[in-house]
Amino acid sequence: MKHLTDLFPAVAARVKPPVCVALGPPWPAANLAEAVAAPGTVCYQQDLHQATRVRECLAEVGAEAEVVAKPDLWDLEPVFETVLFPAAATADRDLKIDVVEQAYHVLKPGGLLISLSGYERDSQFAKWHKKVFGKCGETPASKAGMAFWSVRGEDQKRRRHEITFHAKLPDGPPMEFASRPGTFSYGRFDNGSRAMVELADVRPGDSVLDLGCGNGAVGCLLGGKVGPAGSVTFVDSNLRAVALAEENAAANGCPNPKFVAATRLEGLPRKGFDVIVANPPYYAKSEITQLFVQGSRELLKPGGRYYIVTKMPTAVVPLIFQTFGDCVVHENRGYAVVTAGVFGPPPLAGGMIPRVR
Ligand SMILES: C[S@@+](CC[C@H](N)C(=O)[O-])C[C@H]1O[C@@H](n2cnc3c(N)ncnc32)[C@H](O)[C@@H]1O
């Protein structure tokens, strides 16, 4: 099987340090840093979990590079002679466009963006490069993919890739949310999340945890119900998501918001929440679903209410039973919203489970 890093020899002569390896899956990012083998190499990631994985892969291959996680690539200092962007064929198209745009602003004038595309014949990258950089060189099509390069010119204005969308609860005010590439449900409010917020029993004064908050729409909408005596805490491992949640919470007047960037729920208070809402990433390993279920129990206050939305209740319900002792499943908008509560010591506490209408 061919890998993105197999493209490196075709561009190696063009690579000048210091180099930024922008995003990319952990192994290609670490292998590229190893191939560059130059001081000052930085691997940029948006997600804290991915950043940790890159550090682990670097350690495994014995390569030295600093791993930096930030909401935006252009949050880095513009000190790089080369940005290497390993773009797997499966990577998100909007995020690829965003990286090409932002790479311009972390390069020194005359610096080079080199995108490595996993597509055997890629007809997109040259177009995206030209739009931002003016010109673009490319390698011939190959089994490993294609490489594209462009030189940074004069300073130019930053163009932020962002889509705003609107959402509201049946009994709440309309709200507007900014979303950006690389975060969940870019440009729209997810139907699963909508199904969950419609059913969640949230009361004035409640402290709510939006677990895996993405752009924060779920927490903001529920924030409309808790009033000034309540609060909403937003947590995500993706720093761009946390930054968006912060902006969206401020724009929508979310009461007493708090923001936590974490991969293992670290920094969240035990028995700190009346309500936890979670829409876990099902494409990811079930480890994260487990974390979002098992980790939640000790974060809920006694009598607290837990909601998780899924398309795969048969996989999630046993986990909820093990953790909370009981649960109720509601169908809404083609999703299962599973709800449980904390009514005694785990596991199999039994007792009353809150019924949502
Ligand atoms: C399916 S999305 C839901 C996003 C948001 N609640 C919504 O409805 O738009 C799941 C979110 O969980 C986040 N996530 C994944 N692993 C995580 C972890 N270990 N800790 C915290 N958040 C995580 C992802 O970054 C993503 O934003």
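No lab work stands behind these numbers, since they all come straight from the coordinates. Treat the numbers as computed from the prediction; the structure is a model and nothing was measured. Ideal geometry is used to build each Cβ from the backbone, glycine not excepted, and the neighbour counts take in all protein chains shown.
Our summary gives the chain a relative contact order of 11 percent, counting only alpha carbon pairs under 8 angstrom and 6 or more residues apart. Normalising the average separation of contacting C-alpha pairs (under 8 angstrom, six or more residues apart) by the number of residues puts the relative contact order of region 163-341 at 19 percent. With Cα atoms defining each centre, region 73-104 and region 243-282 are spaced 27 Å apart in the structure.
Across region 4-151, the mean sequence separation of Cα contacts (distance under 8 Å, 6 or more residues apart), normalised by length, yields a relative contact order of 23 percent.
Quick one: grab the alpha carbon gyration tensor of region 163-341, order the square roots of its eigenvalues as a ≥ b ≥ c, and give me rounded if a/c is under 1.5, else prolate or oblate depending on whether a/b is larger than b/c. Rounded.
Once a ≥ b ≥ c are taken as the square roots of the eigenvalues of the Cα gyration tensor of region 4-151, is the result rounded (a/c under 1.5), prolate (a/b larger than b/c) or oblate (a/b not larger than b/c)? Rounded is the answer for region 4-151, as its axis ratio a/c remains below 1.5.
The ranking of 199, 209 by Cβ neighbour count inside 10 Å, starting from the fewest, reads 199, 209.
FRET efficiency for residue 77 and residue 165, Cβ-Cβ distance as r, R0 = 30 Å, nearest 0.05? For R0 = 30 Å, the calculated efficiency reads 0.40. By the count of other C-beta atoms within 10 Å, a proxy for reagent exposure, 104, 186 are ordered fewest to most as 186, 104. Counting neighbouring Cβ atoms within 10 Å and putting the fewest first, the residues 53, 180, 188 line up as 188, 53, 180. Extent along the principal axes, Cα only, for region 64-146: 33, 26, 25 Å, with the longest axis given first. Calculated [222 nm] ellipticity per residue, helices only, for the chain: -9000 deg cm²/dmol; basis is -39500 (n - 2.57) per DSSP H run with n ≥ 4, divided by all residues, nearest 500.
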